[in-house]
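Read through the structure below, which is laid out as structure tokens, and then see the notes.
Each reported figure results from applying straightforward, stated rules to the coordinates on display, with no laboratory input. Since the model is a prediction, treat every value here as computed from it, not as a measurement. Glycine also receives a Cβ, built like all others from the backbone with ideal geometry; neighbour counts cover every protein chain displayed.
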Amino acid sequence: MSVPAQHVPPAPPARRRFLESPLGRFLKRCWDVVNFLRRLVFNAIFLFFLLIFLILVLAGIFGGSSMKSDTTLVLNPKGKVVEQFTQDPFSSALTKMAGDDSSEVRLRDLLQVLDRVKDDKRINRVVLDLDKLTPTGWASTREIAQAVRAVRDSGKEVITYTEGFEQSQYLIAAAGNQVYVDPLNGVMLMGLSRYRQYYRELLQDKLGVDMQLFKVGTFKSAAEPYILDASSPAAKEADMFWMNDVWTRYMADVAKDRKTTPDALNASILNQTSITDGDLAKYALASKWVDGLKTRAEFNDMIAKKGVKDDSNDLGYRAIGYQNYLDTISMEPNKSQPLMATSNVGVIIAEGEIAGGEKPAGTIGGDSTSKLLREALKDKSIKAVVLRVNSPGGEVFASEQIRREVNALKKAGKPVVASMGDLAASGGYWISMDANRIYADPSTITGSIGIFGLIPNVTRGLDKIGVHTDGVQTTPFAGAFDPTRPMAPEVKGLIQGVIEKGYRDFAGNVAKARGKTYEQIDEIAQGRVWTGAQAKERGLVDEFGTLNDAIKYAASLAKLGDVGSYGQKYIEEKATPFSELFGKVPRVKAFIAGNSFLRSFFVEASPQMVKEFDVLRKLSSKPSGQVITPVAHCLCQ
């Protein structure tokens, strides 16, 4: 009988033997402690942010809209009107959370409020408080006035109060039902002017700096201040032509809203010289520019009698302010926008100076704006694009980069419509010209089809202080752009040739895009600035209309159907979901502002973006990689 073999277990692996040793057990315990601490720290951080998230959500749900019926909307935006915020989105959201007043008012937000209030049954009247609103151009100001007019025509009373108007604010105020002004202040309507400082004597005679200007275009006057002592006759002729057109339109708009005639309004403006007692408010009332003179307290009492008294409100009546109303409606469904749009019109904002490379909001970058256009090309949900342009122009090459991307969209079957804001001149027109359709306001400033280059030379200035430059060169072009040496005549000829070619390219591309001959465009180009109305007469603009009109037309080109059947998708730098939440949930700003820890944690940890613009330095600089930098800029803001 055989005896079964006894089973002998295999020897433990070396790792197991090490872990079972005293040293191994000690190290394992250390690792467990470290792992526990890691999980504890990360869980604590997670719970901290989850708690904040829950507080904000509950603030939005239970402390959201407190509007009751018979509420007055006090439209009191503060800051200058812009197409897009110049802050980065996260910083902007943090600033809002802290309760700080923004220095900018986004045009589309203001128009959205005016559009939504028309059908909001909770709001029975609108009070315009425009003292801290700074309009930045006549086209956007007219668009705001038109939106106010639409609220008035919807049957809701629109009443304006001011402690003192400027005339751009008055254009908006006049579109309402009634206007009241503080008796110690008033209104002055003064007309338009354009004066500039001229530096030739300072630069050339006093400092010995010669500004060498290369340009094409009789009316291309952007760089005149650096080479002349006064405005050229051509510049005065062009400026007066477009300013008269804008001012005539201004008086027509105000006269219609105030139920008078342009001639009568003009007579009352000119007659201001007859005021002997200095009482501007009394004169404004006598001229029917305003409907009454009241202190702010008297005005508030009047509105309280019209609406519902509310002693808990500093105004004395039931009211909601501009920003709180905007926060509220941003969380409510918009009937004109489908919830889950599969087909969209993409909107890209091109605002500010045009320069090469990646640029932040408020400046158009050749690379960064082109990238946004490429995003629209790749996004399958975007069927058409509206390029909203508000720019005086800038670098030629950066403008051309953007124009090429516009054509790439068109080639791919996605229509592009340009919507001009206050200003779309020179490089601003360059990036617009190839659109399928160009929309503008009659008071938009556009045109300025011309090119120039500006190069300083400080040889004489250095001579005055005993500094001289000397050396050798292998060719006449070596060191040609050294500002401490006189520029050789052959180099000057080369630069002028580059500028002339740039102009031929500009005017030639406009002719091709607008279906005209080069000679026809050259006749209306030459660097001359036009209003939108004058540009339309000359074939540089297709239609008068707002951004919304351009969006509707783009949708029709893409056959997307009526409003409500497609969405609008702004293609721009987006805030993170976290910052979006903080920026939009109502009452969050007050919560954050009242909590010193959260205020320091969120706001002080995120520095604001700061940028400065030195006109002369930018015009005379030569970006890396560019031999000569032609500029398509109107300097006509």
Review point. Ranked from highest to lowest mean number of other Cβ atoms within 10 Å per residue, what is the order of the peptides 263-270, 468-475, 168-175?
Key: 168-175, 263-270, 468-475
Review point. So if R0 is 56 Å, what FRET efficiency would residue 475 and residue 272 give, r being the distance between their Cβ atoms, rounded to the nearest 0.05?
Key: 0.30
Study note, to complete from the structure: Ranked output for segments 322-331, 147-156 by mean other Cβ atoms within 10 Å, highest leading, reads 322-331, 147-156
Check your understanding: How many nm is it between the label spots at residue 468 and residue 549, if each spot is 7 Å from the Cα in line with the beta carbon?
Key -> 6.5
Study note, to complete from the structure: Expected unfolding gain across residue 121-residue 42 under the 0.36 nm per residue rule, minus the alpha-carbon gap, is 23.7 nm
Exercise for review: For an R0 of 30 angstrom, estimate the FRET efficiency from the Cβ-Cβ distance between residue 282 and residue 229 and round to the nearest 0.05.
Suggested key: 0.10
Exercise for review: Express in whole angstrom the spacing between the alpha-carbon centres of region 449-507 and region 109-185.
Suggested key: 52
Review point. Near residue 367, within a Cβ-to-Cβ distance under 9 Å, what is the net charge of the other residues, with Lys and Arg +1 and Asp and Glu -1?
Key: +1
Check your understanding: How far apart, in nm, are the 7 Å Cα→Cβ label points at residue 496 and residue 177?
Key -> 6.6
Practice item. Take the Cβ-Cβ distance between residue 207 and residue 241 as r, set R0 to 51 Å, and report the resulting FRET efficiency rounded to the nearest 0.05. Key: 0.90
Practice item. Arrange the peptides 216-226, 534-544 so that the one whose residues have, on average, the most other Cβ atoms within 10 Å appears first. Key: 216-226, 534-544
Review point. When we measure straight from the Cα of residue 309, which lysines land under 17 angstrom away, once same-chain ones fewer than 8 places off are left out?
Key: 68
**Study point:** Full-extension gain in nm, residue 301 to residue 80, via 0.36 nm per residue minus C-alpha separation
**Key:** 76.6 nm
Check your understanding: So what's the convex hull volume per residue for the Cα atoms of region 344-575, in Å³?
Key -> 162
Review point. Name the trypsin sites (Lys or Arg not before Pro) in region 329-437 that are in a loop by DSSP and that have at most 10 other C-beta atoms within 10 Å, would you?
Key: 335, 380
Point to revise | Which listed pairs, of 414/569; 220/410; 501/536, have C-alpha distances above 24 Å, in listed order | key: 220/410; 501/536
